[in-house]
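Structure, as structure tokens:
The values are calculated or read from the model by the stated rules, or taken from the named source; none is laboratory data. Keep in mind it's a predicted model, so treat the numbers as computed, not measured. Using ideal geometry, Cβ is built from the backbone for each residue, glycine included, and neighbour counts are taken over all protein chains shown.
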Amino acid sequence: MNRIARMASAVAAVAAVVLASVSPVAAQAPTSFTLQPGGKAVVTFEAFCTEFGQVFPSAVQLPDGVVAEPARSALAYGVGKNYNGDAAQALQLQYAIWQTLGTTNSPKGDATAQDVLTNGKTAPVAPQGTSVVDAAAANQVTLTLDSWQPIGPKVQITPTASDNFYGRGQITIENTSQQAVTLFMPVGTRFPATNAAQQTMAGYATNAQVTNPQAAADPAPAQLPSTSGGALNALLPLLALGLLALGGTLHLARRVNSR
């Protein structure tokens with residue numbers, strides 16, 4: 001019984017480890033990815049507003065840099081706390097971003113906004129590689145904006161104004177250079193609105209699907225016809241028969257001589 005109990009305990013421990021490894025966790029923004037020449041990456045991103053008082057953008061342009069550092073730090077902290085994963089907390093993160101940029105008439109928000117304002121002061125560390133914005137400026141890659149739309153319905157932002165405040169889009173990145181490039185989208189990537197009266201957005205990547213060309217396989221070396229081994233292999237049966245015949249002849253000769 002003790003042995004069975006020990007085995008059951010061991011099985012339970014292993015099961016606990018497995019369950020812990022698959023427990024749901026907050027989605028993390030992808031770090032860097034590598035594109036071979038001709039390779040493409042489809043990057044999904046989300047973005048928050050940065051200009052309080054202007055309307056949510058109906059369309060955005062390609063990224064042209066990063067937003068001011070206080071907003072980047074606040075955004076990185078909020079995403080790290082998964083405040084972007086809940087609509088109510090995302091609005092509080094938005095309030096904090098506006099306030100870090102010096103907006104005095106933005107709603108102050110609740111404890112979530114204050115947490116971001118108090119603790120979201122560390123600049124995000126860039127992963128290994130080159131910013132997609134810098135790579136595009138250096139003509140290493142091309143960028144194509146595939147889609148952009150608000151996340152969820154409009155919400156009450158102030159007592160007198162309702163609007164969207166964060167959105168989601170998709171961008172395709174293609175390596176047009178002759179070398180492999182390792183890339184990343186910085187937290188706080190700046191997406192200007194196509195209409196100057198609308199808000200500029202601060203974005204971050206949520207997913208990256210990479211497709212690289214398949215490397216061409218090396219051709220198999222040509223097989224030359226054998227001029228020695230093949231002929232020898234063909235002669236071996238004849239040689240064996242000859243040896244058998246010779247052995248039989250010698251044996252018969254010995255018997256005859258013995259008489």
Report task. Quick one: count up the residues across the range 87-112 that are touching a strand residue (DSSP E or B) at 6+ places or on another chain (Cβ under 8 Å) and either assigned to a helix (DSSP H, G or I) or aromatic (Phe, Trp, Tyr) (or both). Result -> 7
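Filter the range 174-196 down to residues that are among the hydrophobic types (A, V, I, L, M, F, W, C) and touching a strand residue (DSSP E or B) at 6+ places or on another chain (Cβ under 7 Å) and give me whichever is farthest from GLY53 (Cα to Cα).
The selected residue is ALA180.
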Query raised in the report: So, of the residues in the range 120-141 that are of a type outside the set (Gly, Ala, Ser) and touching a helix residue (DSSP H, G or I) at 6+ places or on another chain (Cβ under 7 Å), which turns out to be farthest from ALA90 (Cα to Cα)?
Result: VAL141
Query raised in the report: If you scan the range 130-154, which residues turn out to be assigned to a strand (DSSP E or B) and surrounded by 15 or more Cβ atoms within 10 Å (Cβ to Cβ)?
Result: THR130, SER131, VAL141, LEU143, LEU145, TRP148, PRO150
Query raised in the report: Just one of THR182, THR158 is closer than 28 Å to TYR77 by Cα, of a type in the set (Ser, Thr, Tyr) and out of contact with any Pro (no Cβ under 7 Å at 6 or more places or on another chain); which is it?
Result: THR182
**Report entry** Filtered residues of the range 174-203 (kept if part of a strand (DSSP E or B) and surrounded by fewer than 24 Cβ atoms within 10 Å (Cβ to Cβ))
**Finding:** GLU174, ASN175, VAL181, THR182, PHE184, ARG190, ALA193, GLN198
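Only one of THR50, THR44 is under 16 Å from GLY203 (Cβ atoms), of a type in the set (S, T, N, Q) and touching a Gly at 6+ places or on another chain (Cβ under 8 Å). Can you tell me which? Talk me through it step by step, then tell me what you get.
Details: THR50 fails: touching a Gly at 6+ places or on another chain (Cβ under 8 Å).
None of the other options fit; the residue is THR44.
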Requested in this report: Could you tell me which residue of the range 43-84 is modelled with the highest pLDDT, considering only residues that are acidic (Asp, Glu) and not in a loop (DSSP other than H, G, I, E, B)?
Outcome: GLU46
**Report entry** Residue that is nearest to LEU117 (Cα to Cα), among those in the range 53-93 that are aromatic (Phe, Trp, Tyr) and within 24 Å of the chain's Cα centre (by Cα)
**Finding:** TYR77
Query raised in the report: List the pairs whose first member sits in the range 134-153 and is on the phi > 0 side of the Ramachandran plot, whose second member is outside any strand (DSSP E or B), and whose Cβ atoms are under 9 Å apart, counting only residues at least 6 apart or on separate chains?
Result: ASN139/THR176; ASN139/SER177; GLY152/ALA87; GLY152/ALA90; GLY152/ASN164
Query raised in the report: Does the range 157-173 include one or more residues that are closer than 30 Å to ALA215 by Cα, of a type outside the set (S, T, N, Q) and in contact with a strand residue (DSSP E or B) (Cβ under 8 Å, 6 or more places away or on another chain)?
Result: yes
Query raised in the report: Within the bounds of the range 203-217, is there any residue that is hydrophobic (A, V, I, L, M, F, W, C), modelled with pLDDT of 95 or more and touching an Asp or Glu at 6+ places or on another chain (Cβ under 9 Å)?
Result: yes
